[in-house]
Amino acid sequence: MMSQVKTGRSRVLPGFGLTLGYSVAYLSLVVLLPLSALLINSTGLDWAKFWQVATDPRVLASYRISFTTSAAAALVDTVLGLLLAWVLVRYEFPGRKLCDALIDLPFALPTAVAGVSLTALYAPNGWVGSLLEPLGIKIAFSQQGITLALMFIGLPFVVRTLQPVLQDAERDAEEASATLGAGRFRTFRSVILPGLVPPLLTGFALAFARGIGEYGSVVFISGNMPMKTEIAPLLIMSKLEQYDYAGAAAVALLLLLISFLMLLVINSLQRWSGRRKEAV
């Protein structure tokens, strides 16, 4: 009888211990070991020196530029990504598959190529920049250009997060809402949008996290002006080129801590919205 019970409770696909061991080893080599090296390198500074590096005006300005542009780009990508995902899922039109494939272009395109292309396009002598320059609008070599580059590389995260949710969403509730006399906006706000809040937060978090650490697509279009358009990853590279490894590790460690705290807050909001949806 006991053997029958054990057999009934046995896993269909055994090997939990082996797969768990491989997972922990892979996580340690790819994530934990590099983070440990970062902590070890930053210990070359005492607390006073670390605080001096962390509170340097140039470092604080780079953090402000990185986080504000990443947040702005992720916020715009959240809105545009929702519109794109909605069109690709809900409508049939010529060239739909091509548009769907182009969404993944920032994944395949080298970030340096994206940066050079955007700079050539939006520079004062570029195709678009030459039209905006007489209007007093400056994109390249400004924080607006940084935001534009981060929007380009972060958009696929939002679209690919929302598409499966929209595809699996049942339309019975939408039809019932329309039958009861609700308008399109009210149906979207009361029926559709609540189910999209968790994936929207996830897409925002992914785009935001990618933007904070982005370097290749930003380094060309930003102009790299200290206190104005210099991002934190570029400042880290500058310190490495000056052989200031401890200072670069200190800046990277603080950037890691701030990013982790912000992502923790976003993930907490995501879980809260998911529990609220289940309760409703």
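Observations, loosely collected:
- Residue among Val158, Val197 that alone is touching a residue at least 60 places away in the same chain (Cβ under 8 Å), over 16 Å from Val87 (Cβ atoms) and not charged (D, E, K, R): Val197
- All of Leu82, Leu60, Leu75 fail the test of being in contact (Cβ under 8 Å) with a residue 12 or more places away in the chain, open to solvent by 60 Å² or more (accessible area, probe 1.4 Å) and hydrophobic (A, V, I, L, M, F, W, C), apart from Leu75.
- On the stretch given as the stretch 90-127, residues that are open to solvent by less than 70 Å² (accessible area, probe 1.4 Å), touching a residue at least 40 places away in the same chain (Cβ under 8 Å) and within 24 Å of the chain's Cα centre (by Cα) total 10.
- Wholly enclosed helices (runs of 4 or more DSSP H) of the stretch 128-187 bearing at least 2 residues over 29 Å from the mean Cα position of the chain (by Cα): 129-132, 172-179, 184-187
- Qualifying residue in the stretch 230-240 (condition: within 20 Å of Pro106 (Cβ to Cβ), under 24 Å from the mean Cα position of the chain (by Cα) and outside any helix (DSSP H, G or I)): yes
- Residue check for Met262: at positive phi and either touching a strand residue (DSSP E or B) at 6+ places or on another chain (Cβ under 7 Å) or in contact (Cβ under 8 Å) with a residue 40 or more places away in the chain (or both): no
- Within the stretch 153-188, restricting attention to residues that are among the aliphatic types (A, V, I, L, M) and loosely packed, with under 13 Cβ neighbours inside 10 Å, the residue that is nearest to Ala112 (Cα to Cα) is Ala176.
- Test: residue in the stretch 137-145 that is open to solvent by 100 Å² or more (accessible area, probe 1.4 Å), over 20 Å from Ser217 (Cβ atoms) and without any contact (Cβ under 8 Å) to a residue 24 or more places away in the chain: no
- Residue pairs meeting the criteria (Cβ under 8 Å; at least 6 apart or on separate chains; first among the acidic types (Asp, Glu), in the stretch 161-188; second in a helix (DSSP H, G or I) and open to solvent by 40 Å² or more (accessible area, probe 1.4 Å)): Glu174/Val191
- Condition broken by Thr202, with the remaining ones in (1) closer than 21 Å to Leu60 by Cβ; (2) touching a residue at least 24 places away in the same chain (Cβ under 8 Å); (3) β-branched (Val, Ile, Thr) satisfied: (1)
- Leading residue by the ranking (surrounded by the most Cβ atoms within 10 Å (Cβ to Cβ)) among those in the stretch 189-222 that are out of contact with any Phe, Trp or Tyr (no Cβ under 8 Å at 6 or more places or on another chain) and not in a helix (DSSP H, G or I): Glu214
The values are calculated or read from the model by the stated rules, or taken from the named source; none is laboratory data. All of these numbers come straight from a predicted model, not from anything done at the bench. Every residue, glycine as well, gets a Cβ built from its backbone with ideal geometry; the counts of neighbours run over all protein chains shown. The protein model used for the area step is the full one, side chains on, heavy atoms only, and it has no ligands, DNA or RNA in it. Shrake-Rupley method; radii C 1.70, N 1.55, O 1.52, S 1.80 Å.
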